[in-house]
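Asker: The structure is given below, and queries will be raised subsequently.
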Amino acid sequence: MEPNKLVKSYENELAAFRIHFEYTMQRQEIEDIHELRVAIKNIRALLTLTEIASKGIFTGKSHSKIYSSLFKQAGKVREDQINRELTGGLEKDNLTFYSQYLDKRQEHNIQKLLAEAKMFDFSSLESDSDRVMIAMNALPEEVLIHEADDYISRKLKRINKLTEKNHNEDRLHRVRRLIKSATEIMSLRILLNEEKDLVRVHHNLKTIYKKIGDWHDHTVWLESMKKYARQESNKKNSDTDLKNVLTRTNRQNNQKMKKIYGLMD
């Protein structure tokens, strides 16, 4: 029997995972780690849709768990890399000590990532992949489409409810997670049967998600600087510069948040 679109997508994502796993091992560049995490996220989305459409007969938890430690550690390195990149854009500010702190933390997390990668269980991945593909291939396309539509509809309703009032940081973090879940399944829904209206909604959500992602990166960066300020800045005589950057970045990020909510309204 010809593999269905879900199985083909799973095979493609597994291949992407392997490629970017090797690249990450070789050079640990920001784009390699990003693509490694994207492949894992896409695999998890495929597992989610399979579990939903099978009404729980198939469960993806054990397969998803294979990637968990690697995904988490890769996330720490990527966070360090983004923070370093954002800090590098402030050449006029005296953040030398904070930059050195980020470099040390990044190197530490890279070594932990490489150690995690060396322990990655490819044998479990191989043996469980067959189970996953059998479960995916057993699901009729019309069932997958129906369950994907239902899932997306529920996520969109929750997003709308969260953005109705109380426009604050906590809610935007929750909206970000919901949009991520919705767009991942929406991508699979479009793969199964492309429809113009769905493609348009997907594009709009991805645009908003990108803006929220930029805001989120700056929020994480702010938290990193605050943590550094609490732990180290008194020893480095760089209090004034760091406080100025924190104040300015916090103000800019609040403005970004307001614009994002305005866009969603």
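The values are calculated or read from the model by the stated rules, or taken from the named source; none is laboratory data. On a predicted model such as this, the values are computed, not experimentally measured, just so you know. Glycine gets a Cβ as well: all are built from the backbone with ideal geometry, and neighbour counts include every protein chain shown. Each accessible area value is taken on the protein alone, full model and side chains, heavy atoms only, with ligands, DNA and RNA left out. Shrake-Rupley method; radii C 1.70, N 1.55, O 1.52, S 1.80 Å.
Asker: Tell me what the chain gives for mean residue ellipticity at 222 nm when only DSSP H runs of n ≥ 4 count, each as -39,500 (n - 2.57), the sum divided by the residue total, rounded to 500 deg cm²/dmol.
Answerer: -30000 deg cm²/dmol
Asker: Return the aspartates and glutamates within reach of K258: Cα separation strictly under 15 angstrom, same-chain partners fewer than 8 residues apart disregarded; answer none if there are no such residues.
Answerer: Correct list for K258: E164, E169, D170, D214.
Asker: Oh, and also: How would region 123-186 be classified by its alpha-carbon gyration tensor: rounded, prolate or oblate, with rounded meaning a/c under 1.5 and the a/b versus b/c comparison settling the rest?
Answerer: oblate
Asker: Would you check region 1-91 for Lys pairs whose C-alpha atoms are within less than 18 Å, ignoring same-chain pairs closer than 8 in sequence, and give me the count? Let's see the in-between values first.
Answerer: Details: K5/K41; K8/K41; K41/K61; K41/K65; K41/K72; K41/K76; K61/K72; K65/K76.
Value for region 1-91: 8.
Asker: Report, to two decimal places, the Cα Rg of region 141-265 normalised by 2.2 N^0.38 Å (N = number of residues).
Answerer: 1.36
Asker: Additional query: Give the accessible surface of region 129-265 per residue, rounded to a whole number of Å², with probe radius 1.4 Å and ligands, DNA and RNA excluded.
Answerer: Dividing the accessible area of region 129-265 by its residue count gives 58 Å².
Asker: Apply the a/c threshold of 1.5 to the C-alpha gyration tensor of region 17-149 and tell me whether it is rounded, prolate or oblate.
Answerer: prolate
Asker: Once you charge only the Cβ atoms, +1 for Lys and Arg and -1 for Asp and Glu, what is the size of the charge dipole of region 186-226 about its Cα centre, to the nearest 20 debye?
Answerer: Numbers: 7 positive and 6 negative charges, 13 e Å.
Result for region 186-226 is approximately 60 debye, rounded to the nearest 20.
Asker: Starting at the first residue of region 140-157, write each ³J(HN,Hα) from the Karplus equation 6.51 cos²θ - 1.76 cosθ + 1.60 with θ = phi - 60°, in whole Hz, x for Gly and Pro.
Answerer: x, 4, 5, 5, 4, 5, 4, 5, 5, 4, 5, 4, 4, 4, 5, 5, 5, 5
Asker: Using the Karplus curve 6.51 cos²θ - 1.76 cosθ + 1.60 with θ = phi - 60°, work out ³J(HN,Hα) for each residue of region 72-77 in order, rounded to whole Hz, and write x for Gly and Pro.
Answerer: 5, 5, 4, x, 5, 5
Asker: Taking the Cα atoms of the chain alone, what are Rg (to one decimal) and Dmax (as a whole number) in Å?
Answerer: Reported Rg and Dmax, both Å: 20.9, 69.
Asker: Using only Cα atoms and rounding to the nearest 10 degrees, what angle (0 to 90) does helix 169-192 make with the longest principal axis of the chain?
Answerer: 30 degrees
Asker: Counting other Cβ atoms within 10 Å of each Cβ, which GluC sites (Glu not before Pro) in region 22-92 have at most 15 and sit in a DSSP loop?
Answerer: Here the GluC sites (Glu not before Pro) that fit, given the DSSP loop and packing criteria, are E29, E91.
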